[in-house]
1. Just to confirm a number: summing +1 for Lys and Arg and -1 for Asp and Glu over residues other than Gly80 whose beta-carbon lies under 10 angstrom from that of Gly80, what do you get?
2. Compute the FRET efficiency between Ile155 and Thr35 as 1/(1 + (r/R0)^6), taking r as their Cβ-Cβ distance and R0 = 25 Å, and round to the nearest 0.05.
3. Sum up the charges of everything whose Cβ sits under 13 Å from the Cβ of Ser37, counting Lys and Arg as +1 and Asp and Glu as -1, but leave Ser37 out.
4. Computing the accessible area with a 1.4 Å probe over protein heavy atoms, can you report the carbon and sulfur percentage for the chain?
5. How much length would be gained if the chain were fully extended between Ser187 and Thr110, taking 0.36 nm per residue of separation minus their Cα-Cα distance, in nm to one decimal?
6. What does the accessible area per residue of region 137-188 come to in Å², with a 1.4 Å probe and no ligands, DNA or RNA counted?
7. Given H placed on each backbone N at 1.01 Å, which residues far from Gly80 in sequence or on other chains put an amide H within less than 5 Å of it?
8. Please report, in debye to the nearest 20, how large the charge dipole of the chain is about its Cα centre when each Lys and Arg carries +1 at its beta carbon and each Asp and Glu carries -1 there.
Amino acid sequence: MVLMVFTLSSCVNNSKTNTISLVELTDRENAILKTTSDQSFVFDFSVNRDYKEVAVWIEKYELGELVDGKLNRLKTQIDGNGSIIISNTKDKEQNPYFNIGIQSDFGIGTLKGPDINTGEFDQMTSISGNIYESKTLDEGEVVLANICFSDKGFISSLTRDFYEDFNSHIDELQQYDVAFLVKAEFSK
């Protein structure tokens, strides 16, 4: 009986291992983030001890074409569980200014920086989105979130399929003048 309970409890504990998911924030946490940023995303991850590092970066696309593959890249050591926090505001010239934070048992790593090669965003429509459910981390790069801009007026969100299979749905980015994708990769 003791062996059966131990086996079942270890299965339950491993059911959320090697995953990343969007955090449901409290009203207070939402208020803090809305006060300090235009858009923000908070994700929790849970990895087994085989995973030693995580890298988080922003990719920039213009009309569906990749123009900057590693904008504001942060890589840090991790151990077990942690969080990834991404937020953006605009600098004095109205360029997007990104903040990336990674927290785990090793501490907190942060990176801040603007995208200085961008046109006028103040006249564009923007839309943002993020992963819908928990994602398994055994897939290499994971798209966590997006912030997209268009001067065409009405724009639609990226589909759920985009987050499930980015490479097969990259053509969805063509509807935006500029799209920023937040990506992460966990490594052993």
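1. Details: positive: Arg49; negative: Asp79, Asp105.
My count for the surroundings of Gly80 gives -1.
2. Values: r = 26 Å, r/R0 = 1.04.
Computed FRET efficiency for Ile155 and Thr35 comes out at 0.45.
3. Values: positive: Lys34, Lys90, Lys112; negative: Glu29, Asp38, Asp91.
Within the 13 Å Cβ shell, the charges total 0.
4. Working: 5140 of 10490 Å².
Ligands and nucleic acids excluded, carbon and sulfur give 49 percent.
5. Values: separation 77, 0.36 × 77 = 27.72 nm, distance 1.87 nm.
Result for the pair: 25.9 nm of gain on full extension.
6. Details: 2340 Å² over 52 residues.
For region 137-188, the solvent-accessible area averages 45 Å² per residue.
7. The list, which skips near neighbours in sequence, is Val47.
8. Numbers: 17 positive and 30 negative charges, 136 e Å.
Its charge dipole is roughly 660 debye.
The values are calculated or read from the model by the stated rules, or taken from the named source; none is laboratory data. All values derive from a computational prediction rather than experimental measurement. Positions of Cβ are generated from backbone atoms using ideal geometry, with glycine treated the same way; all protein chains shown enter the neighbour counts. The accessibility values were calculated without ligands, DNA or RNA, using every heavy atom of the protein model including side chains. Shrake-Rupley method; radii C 1.70, N 1.55, O 1.52, S 1.80 Å.
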